[in-house]
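J.: Handing you this structure, nothing more for now.
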Amino acid sequence: MSFTLAIVGRPNVGKSTLFNRLVGKRLALVDDQPGVTRDLREGDARLGDLRFVVIDSAGLELVEDDSLQGRMRRLTERAVDEADVCLFVVDARAGVTPADEIFADILRKKNAHVILAANKAEGRAGEGGVLEAYALGLGEPLRLSAEHGEGMDELYHILRPLA
Ligand code: GDP
Ligand code: MG
């Protein structure tokens, strides 16, 4: 038995970068046609000896009208429904934004099992954002750098009991 992890959060926090790091080239569902918005991207993730399914709530980046909020909400709710656990990603460099609060609210209302991650935490520029992330009330943020591969050991230890 394995588990499914949904990576959720507002656009530009690094969800897809993390997804790609976890999945590498083992993409289960690919749709690389330009202009095609794929709502949920699913892949076979590997982290150490862990194997699990990971969902990236992709596609939001392409929508920039007033429907964004509703779309984000619906997409996130779908990802949460399909997952055993959610990795809620915020941007440690940008700090916590109103959009992050909306996501936190969705996850709380859904009573989702949430792992909070502050991405882009490499170096010192993310320190303030990591502290802000505590205020989301979702526990201690995991410091991640999806781009540089930092924090993956900690992620492994958090996910290991679920496998
Ligand atoms: P998404 O919209 O949440 O899927 O975010 P992306 O994965 O597309 O990343 C958005 C931007 O943040 C890109 O320019 C990435 O290169 C950058 N990024 C992602 N992870 C990191 C990180 O760990 N550190 C830094 N500094 N930038 C990152
Ligand atoms: Mg993305």
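J.: Just to be sure I understand the model, the point goes 7 Å from the Cα along the line to the Cβ. What's the resulting LEU40 to ASN20 distance in nm?
T.: Distance between label points: 2.3 nm.
J.: Quick check on packing: order 134-140, 42-48 by the mean number of other C-beta atoms within 10 Å, highest mean leading.
T.: Top to bottom by mean Cβ count within 10 Å: 42-48, 134-140.
J.: Multiplying the sequence separation of ARG160 and ILE102 by 0.36 nm and subtracting their Cα-Cα distance, what value in nm do you get?
T.: Computed gain between ARG160 and ILE102 is 18.0 nm.
J.: Considering Cα pairs under 8 angstrom that are at least six residues apart, work out the relative contact order of region 96-163 and quote it in whole percent.
T.: About 29 percent, as a whole number.
Every read-out reported here was derived from the displayed coordinates using simple, explicitly stated rules and does not represent laboratory data. Since the structure is predicted, the reported quantities are computational estimates derived from the model, not experimental observations. Every residue, glycine as well, gets a Cβ built from its backbone with ideal geometry; the counts of neighbours run over all protein chains shown.
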